[in-house]
1. Around S14, under 15 Å between beta carbons, what's the net of Lys plus Arg minus Asp minus Glu among the other residues?
2. How big is the range 143-316 along each principal axis, measuring the range of its Cα positions in Å and listing the largest first?
3. Taking the beta-carbon count within 10 Å as an exposure proxy, list Y228, Y167 from fewest neighbours to most.
4. Go through Q109, A68, I58 and say which Cα lies farthest out towards the positive end of the charge dipole of the range 1-157; charges sit on Cβ, +1 for Lys and Arg, -1 for Asp and Glu.
5. About the Cα centre of the chain, what is the dipole size in debye to 20, counting +1 per Lys and Arg Cβ and -1 per Asp and Glu Cβ, all else neutral?
6. Just to verify a number: FRET efficiency for S185 and D299, C-beta to C-beta distance, R0 = 30 Å, to 0.05?
7. Please rank R99, R204, R6, R330, fewest neighbouring Cβ atoms within 10 Å first, as an exposure proxy.
8. Only counting other Cβ atoms within 10 Å, I'd like L312, L326 sorted with the fewest neighbours first.
Amino acid sequence: MGLISRKKNINHRSKISIKIKDDFDIIYNEFIKNALPSSFLENFNCFLKTNEKKYLNISKIGTALHFAANDNFKFAVLNLKRENKKSFNLQHGGLMGFRLFDPEDYINQKISDLNLLWHDNAENIGSQYFLNPKYKSKKLENKILLYPCHILLNQELSTLENNNHLYLNQSINLSKLLLKKKKFSLNIKFFNSQNDVLFKNIWRNYFDENIKILESNISSKGSIFRKYDLVIINDFSTAFYELLYSKKPFIVLNSSPNVNLNKKFLKAINGLKKINLWFNNENKLANFLNENFDNMILDWHKTINSKQYINLRKNLFARENFNHTLFVNRILKL
């Protein structure tokens, strides 16, 4: 790759602005001048020329991540599309297609000739992401895994949710309440990110050795869930999809779902409250678990056969298993 410029072109960036109508526009103009990626401005030609001849021997290219995450890949695909070649995207995580707006969704839709989503009934191809969906019951051990989805310093609206607050999130209060009864073995795993050490230190200060903190890199598409009787999550993220797909016992503790979720998704998840799989309040959840934990786990087959549970899975997954034949045929038709 050519030499990347590490310096901002202040002269060029000073010309980037929108017409000011209110105070937010003033903030936006200052922000965009400083935060616009250099691949859009100073290093545009460098990225374009470096990736000019990549993948030219193929007619179609696909990814599950790189359209939004990799500048070199984006420019390579841009050059391919200038030659009338095709690109496709595979969903790699939760909520895609169910958000009012998301930068990643927008990029995937704009660049892809085909954007394959797990819930797409028209294509009916299904998800390539998940492992075997069959749920296997285990001996009851009163083992609970807390699996919070913390997002810090992120561009998404979910950053402002209370479940992302370092100290005020509901998982901390729930853990305090459950430890009082000394009934459960509590474990917690944080999302593998640069904030791991911060999260772990906070929880160690609160709970010392009373809650086992797992290593953050020991999960593969929900396989970690198998060791626990119940998984408690605090968001409708990829883990939510993994638990639903595998039919593993879970509960969502969340008092303020993301305001960026569309009406179709909100309507689908609302049924979880009727079958005690979504709680707004940690005190009510703690009381429920202390009184009903055994019955909930032992009668889990009733939950997964309930109308609310079945309807939600139908909304999130077009089919049970990924159809390889349909997928290959659909790509060949591009």
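None of the figures in this text is laboratory data; all of them are computed from the coordinates on show. Predicted, not measured: the structure shown is a model, and the values here were computed from it. A quick note on method: Cβ atoms are made from the backbone with ideal geometry, for glycine too, and the neighbour counts reach across all protein chains shown.
1. Cβ neighbours under 15 Å give a net charge of +3.
2. Taking max minus min along each principal axis of the Cα atoms, the range 143-316 gives 42, 39, 30 Å.
3. Y167, Y228
4. I58
5. 720
6. It comes out at approximately 0.90.
7. Listing R99, R204, R6, R330 from fewest to most nearby Cβ atoms yields R6, R204, R330, R99.
8. In order of increasing Cβ crowding within 10 Å: L326, L312.
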